[in-house]
1. Give me the residue from the range 32-67 that is in a loop (DSSP other than H, G, I, E, B) and among the aliphatic types (A, V, I, L, M) and, out of that set, modelled with the lowest pLDDT.
2. In the list 64, 98, 122, which residue meets the criterion of being basic (Lys, Arg), within 16 Å of residue 36 (Cβ to Cβ) and touching an Asp or Glu at 6+ places or on another chain (Cβ under 7 Å)?
3. Given the criteria in contact with a His (Cβ under 8 Å, 6 or more places away or on another chain), modelled with pLDDT of 95 or more, assigned by TED's automatic domain parsing to the domain that holds residue 70 and more than 30 Å from residue 87 (Cα to Cα), does residue 144 qualify?
4. Return yes or no: is residue 79 closer than 18 Å to residue 142 by Cα and assigned by TED's automatic domain parsing to the domain that holds residue 146?
5. Looking at residue 67, is it free of Cβ contacts under 8 Å to residues at least 40 places away in the same chain, among the acidic types (Asp, Glu), assigned by TED's automatic domain parsing to the domain that holds residue 149 and more than 27 Å from residue 129 (Cβ to Cβ)?
6. Do any residues in the range 136-156 that are under 21 Å from residue 75 (Cα atoms) have Cβ atoms under 6 Å from those of residues that are among the aromatic types (Phe, Trp, Tyr), where the two are at least six apart or on different chains, and which pairs are they?
Amino acid sequence: MSIKIKTFAALSCAFALSALSFGFAPGAQAAGAHAISAREAWVRWLPNNLPAAGYVTLVNASDKPIDLVDISSNDYGDAMLHQTVSNGSTQKMVMVDKLTVPAHGQVAIAPGGYHVMLEDAKHKVKPGDTVHLTLKFSDGETLDTPFAVKSPAQTK
């Protein structure tokens, strides 16, 4: 091999490696890049097979709003998004079809507002456990999210 070919081959290899390390390779940003992330995910456990409630903060790093459109779990028979609504002196829960996470923003699914109603546990769930909820979004993204199970005393 001539010196020019060896030099060209070495430079080509070095450029390819540097492009990979800086994320310029085709598809490098798309692979593993998620528009939505979940933080502080937890479930308020209740005894005697009573329904549990799941809470999480969803963060949208994209330039467009994205809707949470479905929730499921291998740990529970039913997982539904609800919102607590106040009507003067009373409160009621209403099922919600979707929840919009604003572009470059976040939304809290938190006590007193939105929550994930979890019913029909498929196995014994107790404080200290971790359950998984699958969150599905309007952009096609799906997050398998671990939720820490806490007793009511741990959530105050």
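1. For the range 32-67, the residue satisfying everything is 33.
2. 98
3. yes
4. yes
5. no
6. Final answer for the pair search is 147/42; 148/42; 149/45; 150/42; 151/45.
The values are calculated or read from the model by the stated rules, or taken from the named source; none is laboratory data. As the structure is a prediction and not an experimental result, all values here were calculated from the model. Using ideal geometry, Cβ is built from the backbone for each residue, glycine included, and neighbour counts are taken over all protein chains shown.
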